[in-house]
Amino acid sequence: MKTGIVVFPGTNRERDMAIALHGVTGRKPEMLWHRDTTLPDLDLIVLPGGFSYGDYLRCGAMAAHSPIMREVKAFAERGGHILGVCNGFQILTEAGLLPGALLRNGGMRFLSQDCYLRVETSETPFTRHWKKGDVFRAPLAHGDGNYACDAETLAELEGEGRVAFRYASAGGVVDASDRASNLNGSVNAIAGVISANNRICGMMPHPEDLVDPLMGGVDGKPLFDGLVEALVR
Amino acid sequence: MTAAQKTVDAALAREFGLSDEEYGRVLTIMGRTPSLTELGVFSVMWSEHCSYKSSRKWLRTLPTTAPWVIHGPGENAGVVDIGEGLAAIFKMESHNHPSFIEPYQGAATGVGGILRDVFTMGARPVANLNALRFGSPENPRTRQIVDGVVRGIGGYGNCVGVPTVGGEVNFHPAYDGNPLVNAMTVGVARQDRIFLSAAAGVGNPVVYVGSKTGRDGIHGATMSSAEFDENALAKRPTVQVGDPFVEKLLIEACLELMATDAIVAIQDMGAAGLTSSSVEMAGKGGVGIDLDLDAVPQREPGMTAYEMMLSESQERMLMVLKPERTELARAVFEKWELDFAVVGHLTDTGRIVVRHRGAVEADIPLDPLADQAPIYDRPVAPLAAPEELGPIHDPIGLEQSLLRLIGCPDLASRAWIWNQYDSAVGGQTVRRPGGADAAVVKIEGSEIGLALTTDCTPRYCRANPRSGGAQAVAEAWRNITATGAKPLAVTDNLNFGNPEKPEIMAQFVAAIEGMGEACRVLDFPVVSGNVSLYNETRNPDGSTQAILPTPAIGALGVLSDVRKTVGLALPKSGVLVLVGETGGHLGQSLWLREVLGRETGDAPVVDLEREKRNGDFVRERIAAGEVTACHDLSDGGLLVAVAEMAMAGGVGCVLQSAETGIRPEAFWFGEDQARYLVAIEGDADALIARAKAQSVSARVIATIGGDGLTLPNGATISIARLRSANEAFFPGLMEA
């Protein structure tokens with residue numbers, strides 16, 4: 001699987017992501033500079049976490065208009081697979097590649113702690129290594145992760161099974177009104193969504209930071225294992 | 001009247017913080033009345049903040065060498081050998097005064113400044129820590145300061161992408177008008193790629209990179225060298241404003257350029273900005289420097305030479321480049337969309353010459369500026385004896401004492417704070433805050449781990465500055481030992497009151513003596529540091545309130561195999577062994593303060609030989625794989641440490657009765673030093689026998705298991721109850 005990681009000025013989790021991808025693919029990902037106007041041959045593009053362009057405007061708003069994003073959109077139109085994590089998820093929504101928006105956390109503070117995610121579908125390349133209903137742990141670290149969308153979009157996402165992950169308790173109970181599990185106040189406790197073609201996934205928590213027992217566990221690893229299995233040529 | 005129109009005389013010099021005697025020296029050096037810009041340069045370079053004029057005599061007594069020390073004090077940060085050709089570069093620095101005036105920006109720019117001290121030497125920053133002291137929780141302003149400081153540290157560190165992995169927090173009314181924000185950064189570099197600040201090569205270009213210069217932070221270094229009065233908040237314009245996004249770009253651009261051979265010398269523009277960076281680089285290199293201020297990137301029009309030389313605008317660096325590499329360097333900074341300007345060149349004159357709009361605004365000989373900087377041997381009063389301990393009785397019993405202690409401001413869960421700091425970014429954080437006595441981060445691409453901590457017990461330092469200074473070092477050494485790491489070196493951040501008062505100097509001198517002795521015995525040299533004096537508030541009635549003496553110690557240890565580290569969470573089974581001698585010392589203990597409402601008695605004795613013996617024993621047993629979890633004993637003593645291990649593991653234990661002849665509250669809550677708890681799942685008898693053979697006291701204190709803490713009197717406190725007592729304070733203070 002050939003992977004590329006987009007680096008914007010202010011991106012700061014590209015190294016974490018590179019370690020996770022290197023670990024499962026055995027090859028180093030290509031680092032893609034925000035000003036690049038061509039892409040190498042890739043199976044997966046990752047938009048990693050960070051504060052692209054400082055995120056002084058709406059998070060991801062400026063990155064969505066950077067030169068590389070024209071190429072990323074073209075890649076998406078060709079049916080390419082894209083994973084956006086944290087700031088990457090924000091950028092995907094700003095770029096219109098995924099529906100909805102990420103608002104300021106409900107508690108109005110930056111949150112950095114472990115959360116639990118319930119897998120809502122195993123029918124995607126990103127979640128195929130889990131079973132529906134599996135619960136895993138992942139660190140989250142964001143100020144703007146409160147997923148929101150209009151009622152129509154929400155009905156569509158839910159109806160088409162395009163919610164990939166929801167915030168849950170350690171025991172797997174989802175309760176959107178429970179701030180102890182749905183930390184940022186997301187609608188329907190949505191933590192990650194999938195595109196209509198099943199090939200673009202955005203999520204707020206960081207599976208890439210939990211792929212080594214030394215760092216506290218391997219809960220995030222199935223996502224990368226699944227991608228390798230799905231995308232290897 | 002603007003500054004530019006002011007007449008330079010002794011009165012203006014006083015306004016700039018120079019004494020009449022110091023101004024006299026300026027006149028002698030210059031042989032004429034200095035220009036306003038020149039007076040500004042002298043006043044910041046000779047400020048307490050930049051010159052260490054009250055502290056230098058005593059700082060020299062600290063041990064600074066060891067075979068693994070590559071660079072000690074004198075560079076931007078300390079550098080130690082951590083193996084495999086790698087070096088750890090670290091320092092701690094205060095941003096106390098700005099954080100009181102404007103908590104968010106004060107704390108944020110504190111983080112930014114210490115990051116620059118580390119990456120300017122060629123290191124990628126891998127961890128941030130911070131030691132915070134706030135006023136009484138009952139003081140209404142405390143909540144606002146805590147909120148701003150925590151948001152500021154998080155806002156900067158999270159964006160710049162360096163994990164904030166540890167630190168400490170205390171509350172005490174002595175910090176009501178003067179909180180302490182001490183920020184520490186640790187970076188890693190290849191030993192053959194370390195960059196220093198001494199300029200060299202007459203004719204070489206002097207290059208300015210980073211953000212533009214504005215009118216912020218002018219005279220910040222002088223502001224930090226005076227007491228606060230009731231008008232302190234009017235000094236807000238002297239506080240700088242940070243931009244972590246630019247800092248992130250600056251880190252990446254500098255590290256990219258540092259991979260080439262372009263840089264001769266580099267220094268960040270910290271306190272006193274362009275002045276201190278240019279003066280120090282040229283001075284260390286024994287060369288002169290010509291600066292052309294017309295070339296300096298400026299945020300606003302019409303800035304004077306005085307303003308530009310004194311500005312403390314953030315995220316700026318000064319470099320001396322090889323001339324043939326200038327365009328290569330320009331391309332790197334343009335790629336990262338940062339300002340890049342050649343603003344001068346090195347000369348052989350031994351002078352700093354500053355030109356602006358066709359005029360020479362400053363022309364100062366560098367040697368006298370450094371050599372004739374004032375050094376004071378301030379009067380030192382005899383130390384006051386600690387207050388008598390007074391009678392001891394236990395009005396509430398072990399169970400209630402424990403619950404009260406683990407819920408008190410100094411011991412309550414810090415999760416509310418940690419959960420606003422990104423501690424995982426970088427993907428190398430092995431122990432996040434609360435997971436072990438010291439944070440542990442892995443060095444990417446190696447098996448090396450760094451153990452990092454900050455420590456100080458200010459109430460000990462007030463009662464007995466010498467013991468307190470030694471204890472701060474010993475506790476840092478213990479915390480690193482408890483992870484299995486070998487303690488290597490420390491950075492100190494010495495926060496004290498007004499050094500012109502003999503009783504404050506007495507605290508300072510005794511604390512340094514205690515620190516120095518501990519560093520020598522524990523082979524734990526000081527490789528960098530910072531002194532923050534004048535941490536006092538003047539009340540409207542003229543009286544002053546000094547902070548508790550707070551010599552904060554930041555420390556670093558190394559694990560050659562990071563996989564052998566242990567945390568503090570109890571395993572599911574086994575026994576808990578207490579290593580070290582328990583004498584039941586209640587003087588200055590948290591139990592005394594929280595249960596009897598007194599801060600009396602002497603600080604605990606620090607027996608450094610015993611510290612070393614016990615710590616070396618514990619570290620060896622961790623390395624041998626015999627220890628599952630380890631926790632040092634400090635604030636709150638034995639029972640608090642047991643409770644912390646139980647809460648972290650979600651596992652209880654059954655405590656054995658004391659049977660020592662010591663009063664129960666003294667045995668369980670006394671704060672004797674040199675002690676650890678180790679969880680043993682294997683053969684505890686063998687470990688205890690080995691301890692005895694090495695003259696180390698060790699005994700089984702509890703059997704691990706169950707979901708509560710069973711006290712010797714048979715009462716059981718559930719883990720859930722412990723946690724709810726432990727977790728209530730911060731949300732109650734901040735979210736109510």
| said: One residue is enough: does region B:381-399 have a residue meeting the conditions in contact (Cβ under 8 Å) with a residue 40 or more places away in the chain, part of a loop (DSSP other than H, G, I, E, B) and within 14 Å of chain A (Cβ to nearest Cβ)? | reply: no
| Take the residues of region A:92-127 that are in contact (Cβ under 8 Å) with a residue 60 or more places away in the chain and assigned to a helix (DSSP H, G or I): which is nearest to residue A:176 (Cα to Cα)? | A:93
| query | Taking the condition surrounded by fewer than 24 Cβ atoms within 10 Å (Cβ to Cβ), over 23 Å from residue B:728 (Cβ atoms) and free of Cβ contacts under 8 Å to residues at least 24 places away in the same chain, does residue B:74 pass? | reply | yes
| note | Cβ pairs under 6 Å, 6+ apart or interchain, first in region B:406-419 and in contact (Cβ under 8 Å) with a residue 60 or more places away in the chain and within 14 Å of chain A (Cβ to nearest Cβ), second buried (at least 19 other Cβ atoms within 10 Å of the Cβ) and β-branched (Val, Ile, Thr), ordered by first then second residue, are B:417/B:150
| field | Qualifying residue in region B:99-108 (condition: in contact with a Leu (Cβ under 8 Å, 6 or more places away or on another chain), β-branched (Val, Ile, Thr) and buried (at least 24 other Cβ atoms within 10 Å of the Cβ)) | value | no
| remark: Considering residues that are of a type in the set (A, V, I, L, M, F, W, C) and either under 17 Å from residue A:151 (Cα atoms) or touching a residue at least 40 places away in the same chain (Cβ under 8 Å) (or both), the number found within region A:197-221 is 6
| Can you name the residue in region B:125-171 that is of a type in the set (D, E, K, R) and surrounded by fewer than 24 Cβ atoms within 10 Å (Cβ to Cβ) and is also farthest from residue B:242 (Cα to Cα) among such residues? | B:138
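Of the residues in region A:192-233, how many are within 14 Å of chain B (Cβ to nearest Cβ), among the hydrophobic types (A, V, I, L, M, F, W, C) and buried (at least 21 other Cβ atoms within 10 Å of the Cβ)?
Applying the first criterion (within 14 Å of chain B (Cβ to nearest Cβ)) to region A:192-233 yields A:204-221, A:224.
Filter again for among the hydrophobic types (A, V, I, L, M, F, W, C), leaving A:204, A:210-211, A:214-215, A:218, A:224.
Subset that is buried (at least 21 other Cβ atoms within 10 Å of the Cβ): A:204, A:210-211, A:215, A:224.
Qualifying residue count for the region: 5.
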| message | Being touching a residue at least 12 places away in the same chain (Cβ under 8 Å) and over 12 Å from residue A:42 (Cα atoms) is the filter here; which residues of region A:75-90 pass it? | response | A:83, A:84, A:85, A:86, A:87, A:88, A:89, A:90
| field | Matching residues in region B:425-457 - criterion: being surrounded by fewer than 23 Cβ atoms within 10 Å (Cβ to Cβ), more than 10 Å from every other protein chain (Cβ to nearest Cβ), over 13 Å from residue B:167 (Cα atoms) and of a type outside the set (Ser, Thr, Tyr) | value | B:443, B:448
| Which condition does residue A:152 not pass, out of (1) without any contact (Cβ under 8 Å) to a residue 24 or more places away in the chain; (2) in a loop (DSSP other than H, G, I, E, B), if it passes all the others? | (2)
| message | Would you confirm whether or not region B:578-590 contains a residue that is touching an Asp or Glu at 6+ places or on another chain (Cβ under 7 Å) and assigned to a helix (DSSP H, G or I)? | response | yes
| request: Give me a count of the residues in region B:38-69 that are within 24 Å of residue B:306 (Cβ to Cβ), of a type in the set (S, T, N, Q) and surrounded by fewer than 24 Cβ atoms within 10 Å (Cβ to Cβ). | output: 1
| One residue from B:640, B:678 being touching a residue at least 40 places away in the same chain (Cβ under 8 Å), within 19 Å of residue B:479 (Cβ to Cβ) and assigned to a helix (DSSP H, G or I) | B:640
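Of everything in region A:200-215, what is among the charged types (D, E, K, R), out of contact with any Pro (no Cβ under 7 Å at 6 or more places or on another chain) and either under 20 Å from residue A:122 (Cβ atoms) or assigned to a helix (DSSP H, G or I) (or both)? Give them in sequence order. Before the answer, list the steps.
Here is the first cut: in region A:200-215, the ones among the charged types (D, E, K, R) are A:208-209, A:212.
If we keep only those that are out of contact with any Pro (no Cβ under 7 Å at 6 or more places or on another chain) as well, we get A:208, A:212.
Correct list: A:208 only.
Does region B:529-552 hold any residues that are among the β-branched types (Val, Ile, Thr) and in a strand (DSSP E or B), and which are they? Even if it seems obvious, please write down each step before you answer.
Pass one, region B:529-552, residues among the β-branched types (Val, Ile, Thr): B:531, B:537, B:544, B:547, B:550.
If the condition is that a residue be among the β-branched types (Val, Ile, Thr) and in a strand (DSSP E or B), then B:531, B:537, B:544, B:550 are the ones that fit.
Please go through region A:155-180 and pick out each residue that is assigned to a helix (DSSP H, G or I) and surrounded by fewer than 22 Cβ atoms within 10 Å (Cβ to Cβ).
Taking region A:155-180 first, the residues assigned to a helix (DSSP H, G or I) are A:155-159.
Passing the criteria: A:155, A:156, A:158, A:159.
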| In region B:83-96, what residues are buried (at least 24 other Cβ atoms within 10 Å of the Cβ) and within 10 Å of residue B:189 (Cβ to Cβ)? | B:87, B:88, B:89
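For residue B:462, state whether it is more than 23 Å from residue B:160 (Cβ to Cβ), modelled with pLDDT of 95 or more, more than 10 Å from chain A (Cβ to nearest Cβ) and surrounded by fewer than 24 Cβ atoms within 10 Å (Cβ to Cβ). Working first, answer last.
Details: more than 23 Å from residue B:160 (Cβ to Cβ): yes; modelled with pLDDT of 95 or more: yes; more than 10 Å from chain A (Cβ to nearest Cβ): yes; surrounded by fewer than 24 Cβ atoms within 10 Å (Cβ to Cβ): yes.
In short, yes.
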| residue B:187 being under 22 Å from the mean Cα position of the chain (by Cα) and within 14 Å of chain A (Cβ to nearest Cβ) | no
| field | In region A:73-91, the residues that are among the β-branched types (Val, Ile, Thr) and in a strand (DSSP E or B) | value | A:82, A:85
| Assuming residue A:108 fulfils every condition listed in (1) farther than 15 Å from residue A:8 by Cβ; (2) more than 14 Å from chain B (Cβ to nearest Cβ); (3) surrounded by fewer than 17 Cβ atoms within 10 Å (Cβ to Cβ); (4) not hydroxyl-bearing (Ser, Thr, Tyr) apart from one, which condition is it? | (2)
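Does region B:681-689 contain at least one residue that is in contact with a helix residue (DSSP H, G or I) (Cβ under 7 Å, 6 or more places away or on another chain), acidic (Asp, Glu) and either assigned to a loop (DSSP other than H, G, I, E, B) or modelled with pLDDT of 95 or more (or both)?
Our first condition is that a residue be in contact with a helix residue (DSSP H, G or I) (Cβ under 7 Å, 6 or more places away or on another chain); within region B:681-689, this holds for B:687.
Now narrow it down to the ones that are acidic (Asp, Glu): none.
No.
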| message | Among the residues of region A:118-171, what is the count of those that are in contact with a Gly (Cβ under 9 Å, 6 or more places away or on another chain) and away from chain B (no Cβ under 14 Å)? | response | 29
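State the number of residues belonging to region B:691-734 that are outside any strand (DSSP E or B) and either touching a residue at least 24 places away in the same chain (Cβ under 8 Å) or touching a helix residue (DSSP H, G or I) at 6+ places or on another chain (Cβ under 7 Å) (or both). Walk me through how you get there before you give the answer.
So in region B:691-734, the residues outside any strand (DSSP E or B) come out as B:691-697, B:705-707, B:711-715, B:719-734.
Now restrict to residues that are either touching a residue at least 24 places away in the same chain (Cβ under 8 Å) or touching a helix residue (DSSP H, G or I) at 6+ places or on another chain (Cβ under 7 Å) (or both): B:691, B:694-697, B:705-707, B:711-713, B:715, B:719, B:721-723, B:725-731, B:733-734.
So the answer is 25.
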| request: Inspect region B:117-128 for any residue being over 23 Å from residue B:177 (Cα atoms), away from every other protein chain (no Cβ under 14 Å), within 16 Å of the chain's Cα centre (by Cα) and assigned to a helix (DSSP H, G or I) and give the result as yes or no. | output: yes
| Which of the residues spanning region B:290-306 are more than 16 Å from residue B:269 (Cα to Cα) and in a strand (DSSP E or B)? | B:290, B:292
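The values are calculated or read from the model by the stated rules, or taken from the named source; none is laboratory data. All of these numbers come straight from a predicted model, not from anything done at the bench. With ideal geometry, Cβ positions are generated from the backbone for all residues, glycine too; neighbour counts draw on all protein chains shown.
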